[in-house]
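Input: a single structure, listed below in structure tokens.
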Amino acid sequence: MATGSSRNGPVLASLSVRRAALIVILCLVAPAGWAQVPAPSLVDGDLPPEEPRAAAPAARPAEAAPAKASPAPAPAPEPVQLRAIEPVRSTWEGVLEAWRERRRAIREQDLPGARAAAARLLDARKDLAIDDMPDFAASEVRDAERALAARLPADAAEHAELAVRLAPDLADAWLELARVRFARDPSMVGDVATPLWAAVRAGAREPHTSRAFVADVLAAALAALAATAAAVLALLFLRRARVLFHDFTHLPVVRSLVPLQAFFLLLVLLGLPLALGLGPWAFLAGATLLAWFHLPWRERLLATVALAALTLLPLATGAAARVTAWTGSLAEEVFELEHGADGGERAARLEARADLPAPALAAIGRFHKRRGDLAAAERWYDLAGKAGAPAAELLVNVGNVAFLRGDVEHAKAAWLDAADRASSPVTLAAASYNLSKLYLRQSQLEQSQQARRRAELLAPGFIARHGSDDDFRANRWIVDVPVGEASIERLAAGDPTPAMAREAVRARLAGRVPPRLWPWAPLAFLLLLWVAALLARRARRTVACERCGRPACPRCEAQAGPLCGQCVHVFQRKGLVEPRDRERKEAQVRRHEAAVRWTERVLALLSGGGGHVWRGQAVRGALVLLGLGFLGFVLLFWRGLVPPPHPSPFVFAGKLAVTLPLGLALYGLAVRDAWRRPRD
Ligand SMILES: [Zn+2]
Ligand SMILES: [Zn+2]
């Protein structure tokens, strides 16, 4: 009633005053005959004035009961001449026909023909209550692109606007509209911003898009985590390789070997986990174990975090897959059945399945109802009810079918019952909205307005999108309750993908380690490392000489300290060594310093954060590695792991626009750090 009344507001207002007065008078004077109120005056207000009123009956088979016209002003209680509800006339074949007609007209440059076909398509979309026609919209988006490339901005705008109307939940359609408007007039910021914001909202609403987005983010984050953990552990090991090799040669059996033999023995030990097929986790853990006693506390903590992250990676992957699983799941099928457009293949595919859960059954019922097959709708609603579909939601939809069949009393009872039981605002709003329409037809204006107000208060967006006052088609005049998003999403949880993803990652990491030992055995290993570190905290071990980098070994050189024996002799006890030897040592120190500096710089150039890890700023280095790794993997997975049915041309550009500046800035800072920072 409120919608569309701005034009003739005063007329309506005066009408309702007159109507109220009439009702009062009639109620006083002729209580039995109050239905003689020229109730159509209210319907009049809703109707476009030029609507031919008498055209209604006879031609419309699924006419509602109160619409039975009785032209003679008989004393019967039903003289109200109401406009009949129009049954669904459009068919999927008609939709395809309109689409083919539009394509043909566009090919033949027949602009009026193309527009007429588009109007027919949009009309059929409304008649069949299809939310989105993404296939057609994607095609229009491509046409808009082509028109832009051919410098025909007006054509492009027409295509983009049609795309948006065909599939309001397709983010690409809105993005294309924004792009077209920007190409036409870049100064109209508002005109561009509106579709951009609509694109964001559509993307968040549409699970293909939103879940693909979350999947890309999580996949990049997990891949970056794995790569960073491996890189940090490798660098921590390599940085200590020289001193740990020196201590290795002091071990009982190794002591008797020549250095080359000892070196190969160390390599064999290092490669043993891989040779045994225990996987990369065991390899990295082995390297960490060898370097463990030479790491400072902070780096031990970092190594533990890295190994723990790798240990929990399979679980995290499973959780990420659970949050993002969509394509191929039952949830996708049901969602598409509820929102998308197809020729009934999807419904047939679902119907052929046994043990369908209640949301799927309810969606099948609503599909048939929207296509006008009321008997099939009732059958499936019945099955959904037996399978435990939410009673209130189902009651509204069952009431709608009854109403369309002409069984008004049954419909009213169902809606009232639904309103009593409804727990979600949308259900209560739909029941109230439909009741308001029914009261209107029964000329109970007060009740009608109350119910209508309640519906609009409860779910204004839902009523605005699905309700309609001057459209008397079966799928428009009263509103259905769609299957709830939450219950559709729960169907995705039954998907086997998360378990498969978890197991795949575990198998990659753990190789032949028995699955039941994961993650407990690795976590126990980490605990043992810490116990060993605490027990051995007083043990003397070789350190790298602060000046020349040679191993400064307490066993070989009978002194413990930050300097090796040579450096102590040359630099601390002056006058003991020949000047020539001293110069040679000083040259060695300079070479060592240059080597360290250049290793840092090369690592910084190669990886950004590797230079920091090498210098000893391991935590900061790990964070830089993680950040760059994330941005890099976002770009590497540029197609997306599970691309939506219509791969978006905007995705790669969007990813590039976000990641490239951030990545370059972070990389530049890390490299600059490696060049500028004086060594302490
Ligand atoms: Zn030294
Ligand atoms: Zn030694």
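Since every read-out is calculated from the coordinates, none of them should be taken as a lab result. Computed from a predicted structure; not experimentally measured. Glycine also receives a Cβ, built like all others from the backbone with ideal geometry; neighbour counts cover every protein chain displayed.
Brief remarks on what is shown
- Cubic angstrom per residue, convex hull over Cα atoms of region 298-353: 87 Å³
- Global form of region 503-638, assessed from the alpha-carbon gyration tensor, a/c cut-off 1.5: oblate
- Taking Cα atoms only, the orientation of helix 497-510 departs from the longest principal axis of the chain by about 10 degrees.
- Only Cα pairs under 8 Å and 6+ residues apart enter the sum, and on that basis the relative contact order of region 338-488 stands at 20 percent.
- Counting neighbouring Cβ atoms within 10 Å and putting the fewest first, the residues GLU158, GLU593 line up as GLU593, GLU158.
- Most to least packed among 658-666, 418-426 [average Cβ atoms within 10 Å]: 418-426, 658-666
- Shown here is the pair-distance distribution of the chain: with all Cα-Cα distances grouped in 20 Å bins from zero up to the longest one, the shares run 14, 33, 25, 17, 9, 3, 0 percent.
- Fraction in percent of alpha-carbon pairs per bin - 5 Å, region 295-420: 2, 10, 15, 16, 12, 9, 7, 5, 5, 4, 4, 4, 3, 2, 1, 0, 0
- Considering only ALA331, ALA320, LEU222, and ranking their Cα positions along the charge dipole of region 215-351 that arises from unit charges at the beta-carbon of Lys, Arg, Asp and Glu, the one farthest toward the positive end is LEU222.
- Summing Cβ point charges (Lys, Arg +1; Asp, Glu -1) relative to the Cα centre of region 198-331 gives a dipole of roughly 200 debye.
- Sequence-distant contacts, meaning Cα pairs under 8 Å at least 6 residues apart, place the relative contact order of the chain at 15 percent.
- Relative pair counts by distance (%), Cα atoms of region 114-223, 5 Å bins: 2, 13, 19, 20, 18, 13, 8, 4, 1, 0, 0
- Farthest toward positive dipole pole in the chain [+1 Lys/Arg, -1 Asp/Glu at C-beta], among PRO562, GLY627, PRO645: PRO562
- A dipole drawn for the chain from +1 and -1 charges on Cβ atoms has a positive end, and of PRO207, LEU440, SER90 the residue lying farthest that way is PRO207.
- Charged neighbours of ALA262, selected by a Cβ distance under 14 Å, balance to +1 (K, R count +1; D, E count -1).
- Distance-filtered residues of region 304-341 - backbone nitrogen under 15 Å, label point 7 angstrom along ALA504 Cα→Cβ: 314-329
- Label-point separation in nm, ALA352 to PHE650, each point 7 Å along Cα→Cβ: 3.6 nm
- In degrees, nearest ten, helix 445-458 long axis to first principal axis of the chain (Cα): 10 degrees
- If you take all other residues with their beta carbon under 11 Å from the beta carbon of VAL570, and give Lys and Arg +1 and Asp and Glu -1, the sum is +2.
- When only alpha carbons are used to place a centre, region 559-624 and region 223-263 end up 18 Å from one another.
- Extension gain, VAL258 back to ARG205 (0.36 nm per residue minus Cα-Cα distance, nm): 12.2 nm
- For peptides 368-380, 623-635, 145-157, sequence by mean Cβ density within 10 Å, most packed first: 623-635, 368-380, 145-157
- Ignoring lysines fewer than eight residues from LYS412 along the same chain, the ones with Cα atoms less than 21 angstrom from its Cα are LYS68, LYS369, LYS437.
- Taken one residue at a time, the phi angles of region 242-249 give Karplus couplings (6.51, -1.76, 1.60, θ = phi - 60°) of 5, 6, 6, 5, 4, 5, 4, 5 Hz. Gly and Pro are set to x.
- Alpha-carbon Debye profile of region 346-468, log10 I(q)/I(0) at 0.11, 0.19, 0.21, 0.22 Å⁻¹: -0.37, -1.02, -1.18, -1.26
- Each other residue within a Cβ distance under 14 Å of ALA117 adds +1 if Lys or Arg and -1 if Asp or Glu, for a net charge of +1.
- Convex hull volume per residue for region 618-659, taking Cα atoms only, in Å³: 57 Å³
- Rh (Kirkwood; distinct C-alpha pairs) - region 220-373, Å: 20.2 Å
- Extending 7 Å from Cα along the Cβ direction at GLN449 and again at VAL531 yields two label points whose distance is 8.0 nm.
- Kirkwood-type hydrodynamic radius, region 598-680: 13.8 Å, calculated from all non-identical alpha-carbon pairs.
- In the chain, the longest principal axis of the Cα atoms and the axis of helix 374-386 are about 50 degrees apart.
- Take the convex hull of the alpha carbons in region 187-232; its mean projected area over all directions comes to 4.8 nm².
- Ordering of 321-332, 510-521 by packing [mean C-beta count within 10 Å, highest first]: 321-332, 510-521
- The overall shape of region 95-149 is oblate: from the C-alpha gyration tensor, with semi-axes ordered a ≥ b ≥ c, the ratio a/c is 1.5 or greater and a/b is no larger than b/c.
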